[in-house]
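Data block below; observations after.
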Amino acid sequence: MGRRARRRLPLEPVEVEISDLSHDGRGVGRVDDKVIFVHGALPGERVSARLTGRNRRFDEAVTLAVESPSQQRVEPECPWFGYCGGCALQHLDHAAQLDWKAQRLRENFRRIGQVEPAEWMAPISADPWNYRRRARLSARNVPGKGRVLVGFREIGGRYVADIEACRVLHPAFADRLMELSDLIGRLSIPDRIAQIECAAGDDTAAIVLRHLEPLTSGDENNLIAWSEASGIAVWLQSAGPASVKRLCPETHQLTYRLEAFDLEFAFHPQQFVQVNAEVNRKLAQKAVELMAAGPEDRVLDLFCGLGNFSLPLARGAGEVLGVELDESLVESARGNADANGIENARFVSADLMQSADDLPWMKQAFDGVLIDPPRSGAAEILPLVAATGAPRIVYVSCDPATLARDAGTLVNEYGYRLERAGIADMFPHTAHVESLALFVGAE
């Protein structure tokens, strides 16, 4: 028996009343009592939308026309908004974006963690444009268009969006997408460039070119010439992360500063750093303020990376221990401590998900613990954190759902109070929610 033919989507637009925003920034409504998610629609609006997908429990659509606009709707600054998948909320006033993200955190605390902070902190935010100092751009040679497309992927699709510039990328890259397109198009293997990693420090920038076949000497000469003209360093990656090597210039170094602590951090273009430089500066200051560590205090920084929070904490604490799985980040953290003359911070590499018997320092007493885990959260290590007896826990989160889950555990199982919480707008114009919380132990 033949495979059942896929049902065609109707061509006629549907009228939708939007009541909410989904976790990924799409408008939520109902048509014929079935949930529908609509790209480009805002709560309170009535829109005409075209169906793009049908599922058993919900449908998906894109906005064709806004018949009754929200007062919070603004004109997107990017001409490719609604087509390029790099942003989800440019049509929503930035202040309203902050309100929505704060509300998401509140709802997750209430619904998942069944907790409420004693105090809500003001949102941490900065200029919402040209903030993105790290990005992974896709590249695809499209003969029909006569060029290589460089950018983010289309909304809901696997193809690279045909865009010419990007208003959220760091200024070093924002207006260089066509330049990068031309550069790749002149290589001998334009079809075999998979992606471009972009990274910018405070004063320098770099790209990492992921190539699936060897480059010729002529290719390398082209890349070197472009680097010299643009001032952007070029690194090459032929296989996994271990294959990354610097092409030019030999003396190039990416760095960023946290002026409030008189610190400078060096980093590799593929290492994790917070994507928004100004929000990161404010976030580090707030984390140190919440920890309130004095010269007699010992602080444990879990998932410490290259020391982004450890070294600021070390300016006031008596001792800081940073823990990170990635050996290269641990080496960078140690190097950054040395370069900044910090002697009261040490760093170890460890898998925080393994048995505490293999982590002897987790059995020591600490006066404060900072946690900055991946999206999956810190559920596995909360018993160990609580066992340190730390009276203050500062939790930096990139997922409000896992923060809420872990907050419920700390409050309801280990007796901590959720003292303060708030959001940090690390990714303006996207649905991403970064947040910060302070937990205080029973006195």
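Bear in mind these aren't lab numbers, they're just calculated from the coordinates by the rules spelled out. All values reported here derive from a predicted model rather than from experimental measurement. Cβ placement follows ideal geometry from the backbone for every residue including glycine, while neighbour counts extend to all protein chains displayed.
Run through all the Cα pairs of the range 38-115 and give the fraction in each 10 Å bin from 0, expressed as whole percent.
Going from the shortest bin to the longest, the percentages are 17, 39, 34, 11, 0.
Show which aspartates and glutamates lie in cross-link reach of Lys101 when reach means a straight Cα distance below 15 angstrom and same-chain residues fewer than eight apart are skipped.
Once the sequence-local aspartates and glutamates are set aside, what remains near Lys101 is Asp20, Asp24, Asp93, Asp399, Asp425, Glu434.
With springs only between Cα atoms under 10 Å apart, run a GNM on the chain and tell me which of Arg140, Arg111, Arg334 wobbles the most.
Arg111
Given the options His94, His23, His429, state which has the largest fluctuation in a GNM of the chain using a 10 Å cut-off (strictly under) for Cα springs.
Answer for the Gaussian network model of the chain: His23.
Let me know the Kirkwood hydrodynamic radius for the range 232-311, please, with Cα pairs as the basis and the value in Å to one decimal.
Computed over the range 232-311, the radius equals 14.9 Å.
Report Rg (one decimal) and Dmax (nearest whole number) for the chain, counting Cα atoms only, units Å.
23.8, 76
Looking at the range 326-443 only, what percent of DSSP beta bridges run antiparallel? Nearest 5 please.
75
Quote the charge dipole size of the chain about the Cα centre in Debye, to the nearest 20; the model charges only the Cβ of Lys and Arg (+1) and of Asp and Glu (-1).
For this selection, approximately 1900 debye.
Tell me, what is the FRET efficiency for Asp127 and Asp203 to the nearest 0.05, using R0 = 22 angstrom and their Cβ-Cβ distance as r?
Result of the calculation: an efficiency of 0.75.
Output the antiparallel fraction of DSSP beta bridges having both residues in the chain, as a percent to the nearest 5.
Restricted to the chain, the bridges split so that about 65 percent are antiparallel.
Placing +1 at every Lys and Arg Cβ and -1 at every Asp and Glu Cβ, with all other atoms neutral, what dipole size does the range 254-390 have around its Cα centre, in debye to the nearest 20?
In total the dipole reaches around 320 debye.
What's the Cα-based Rg to Rh of the range 173-243, Rh via Kirkwood?
0.93
Highest mean first, how do 8-15, 72-79 rank when packing is the count of other Cβ atoms within 10 Å averaged over residues?
The packing order, highest mean first, is 72-79, 8-15.
In square nanometres and to one decimal, what's the mean projected area of the convex hull around the Cα atoms of the range 1-73?
Averaging across all directions leaves 5.6 nm² for the Cα convex hull.
Roughly how many debye, to the nearest 20, is the charge dipole of the range 59-116 about its Cα centre, given +1 on each Lys and Arg Cβ, -1 on each Asp and Glu Cβ, and no other charges?
That gives a dipole near 320 debye.
Can you compute the modelled spin-label distance between Ala95 and Arg136, with each label point 7 Å from Cα toward Cβ, in nm?
3.7
Compare the Cα positions of Ser138, Val369, Val396 along the charge dipole of the chain (+1 at Cβ of Lys, Arg; -1 at Cβ of Asp, Glu; about the Cα centre) and return the one farthest towards the positive end.
With unit charges placed on the Cβ atoms, the residue in question is Ser138.
What order do you get for 30-43, 112-125 when each peptide is scored by the mean count of other beta carbon atoms within 10 Å, highest first?
30-43, 112-125
If we sort 199-206, 58-65, 418-425 on the protection proxy, mean other Cβ atoms within 10 Å, highest first, what's the order?
Top of the packing list down: 418-425, 199-206, 58-65.
So what's the net charge close to Gln237: Lys and Arg +1, Asp and Glu -1, counting the other residues with Cβ under 13 Å from its Cβ?
+3
What FRET efficiency comes out for the pair Ser376/Gln103, r = Cβ-Cβ distance, R0 = 25 Å, nearest 0.05?
0.60
With each label point set 7 Å from Cα along the Cα-Cβ vector, what nm distance links Lys145 and Leu9?
That separation, rounded to one decimal, is 1.9 nm.
With a sphere of radius 13 Å drawn around the Cβ of Thr430, what net charge do the other residues whose Cβ falls strictly inside it have (Lys, Arg +1; Asp, Glu -1)?
+2
Send over the semi-axes of the range 55-201's equivalent ellipsoid, whole angstrom and largest first, taken as the square roots of 5 times the C-alpha gyration tensor eigenvalues.
34, 20, 16
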